[in-house]
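Accompanying notes for the structure given below.
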Amino acid sequence: MDEILRKAYREDGAVLLKGLLNPEQLARCRAAFDWAVENPGPHASKLYGESGQRSHVDNSNPLAKPRLDEMVASLPLGRTFADLWGSKHAWYFAEEVFLKEGGVGARTHWHQDTSYLPWAGMHWGNAWISFESVPKANALEIVRGSHLGVRHDGTTFADPDDPTDPLHGGDQWPRMPDIEAERKANPQAYDILSWATEPGDVLILHPASMHGGAPVDAAFPDRHTLVLRFFGDDATFSPLPPESRSGYERNGFLFRKEMAALEDGQPFRSPVFRQVV
């Protein structure tokens, strides 16, 4: 691992690893993606449009866990993350699945994953694996260094006219800024990272980074992306607000039973997570 990449991840919160997955590894990831779409879990959401538009989002499907636990142990991602972080160990958390087809799919609102999940620490990483050649105009965008800053309230994603509609409410966490509105007024308002990618490339993102975007359009009509999430030694439990207008519990919405055993600041550990390093 290049020390320049380690430094960039620590400071910027995202790096692109070109050609990390070989064709056979990428094919296994695609097979897992296709299986997940055909076998949705309890957190899945789907939308089918009248003109061939289709979207599918899923998160931590318990039906997929055994096959994904086995698959990630055979990929270079665990060792890559451990090296990137400087961690002795690495564990696999779970997956996300993003499908957009038909050339209609707006930007995803800016958010931090840590608004929805009880995570803290530097040793976290999401591996974004897209199966198409993604132009920069359709790439995920990240606010450089935002993983080192404020933990904001999440967005509900429910109000198309308010991309900052608070997930939890109250005053424990500040509201997410309207980054797109600020960028329209001043294109230099934020230092944005994004990359065009090719199949086999892996975008590594710290989940506390503010990120969003990744639209589809007529020029880039279809996106199929598998996200595999990992954590290392410096990963701790950090509960969500005690009161949430959206009904979120302190433990988040994934692995609730396992998270109930953890207290604020404790190492993020549970036998349910596959150790890969």
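Tabulated values for the structure
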{"read-out": "Output for segment 38-57, where each listed residue is touching an Asp or Glu at 6+ places or on another chain (Cβ under 8 Å) and outside any strand (DSSP E or B)", "value": "40, 41, 43, 44, 52, 53"}
{"read-out": "Condition broken by residue 171, with the remaining ones in (1) surrounded by 11 or more Cβ atoms within 10 Å (Cβ to Cβ); (2) closer than 29 Å to residue 121 by Cβ; (3) not hydrophobic (A, V, I, L, M, F, W, C) satisfied", "value": "(1)"}
{"read-out": "When residues of segment 190-202 are limited to those that are over 18 Å from the mean Cα position of the chain (by Cα) and loosely packed, with under 15 Cβ neighbours inside 10 Å, the one nearest to residue 30 (Cα to Cα)", "value": "198"}
{"read-out": "Pairs, first over 18 Å from residue 242 (Cβ atoms) in segment 253-277, second of a type in the set (Ser, Thr, Tyr) and crowded, with 18+ Cβ neighbours inside 10 Å, C-beta under 7 Å, six or more apart", "value": "254/60; 267/236; 268/236; 273/92; 274/92; 276/92"}
{"read-out": "Qualifying residue in segment 102-109 (condition: in contact with a His (Cβ under 6 Å, 6 or more places away or on another chain), touching a residue at least 60 places away in the same chain (Cβ under 8 Å) and farther than 30 Å from residue 242 by Cα)", "value": "no"}
{"read-out": "Candidates 110, 35, filtered to the one that is assigned to a strand (DSSP E or B) and modelled with pLDDT of 95 or more", "value": "110"}
{"read-out": "Residue pairs meeting the criteria (Cβ under 9 Å; at least 6 apart or on separate chains; first under 22 Å from residue 155 (Cβ atoms) and in contact (Cβ under 8 Å) with a residue 24 or more places away in the chain, in segment 200-222; second surrounded by fewer than 20 Cβ atoms within 10 Å (Cβ to Cβ) and among the aromatic types (Phe, Trp, Tyr))", "value": "203/195; 210/190"}
{"read-out": "Complete set of residues in segment 127-162 that are crowded, with 21+ Cβ neighbours inside 10 Å and closer than 13 Å to residue 210 by Cα", "value": "140, 141, 142, 143, 146, 147, 152, 153, 154, 155"}
{"read-out": "First in segment 81-98 and farther than 17 Å from residue 270 by Cβ and touching a residue at least 60 places away in the same chain (Cβ under 8 Å), second anywhere and among the aromatic types (Phe, Trp, Tyr) and surrounded by fewer than 24 Cβ atoms within 10 Å (Cβ to Cβ), Cβ under 6 Å, 6 or more apart", "value": "84/9"}
{"read-out": "Set 57, 37: member being within 17 Å of the chain's Cα centre (by Cα) and of a type in the set (A, V, I, L, M, F, W, C)", "value": "57"}
{"read-out": "Residue 73 vs. criteria small (Gly, Ala, Ser) and within 16 Å of residue 201 (Cα to Cα)", "value": "no"}
{"read-out": "Failed criterion for residue 154 (all others in (1) small (Gly, Ala, Ser); (2) over 17 Å from residue 112 (Cβ atoms); (3) in contact with a His (Cβ under 6 Å, 6 or more places away or on another chain) hold)", "value": "(2)"}
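The values are calculated or read from the model by the stated rules, or taken from the named source; none is laboratory data. Computed from a predicted model, the values in this text were never measured in an experiment. All Cβ positions, glycine included, derive from the backbone under ideal geometry; neighbour counts span all protein chains shown.
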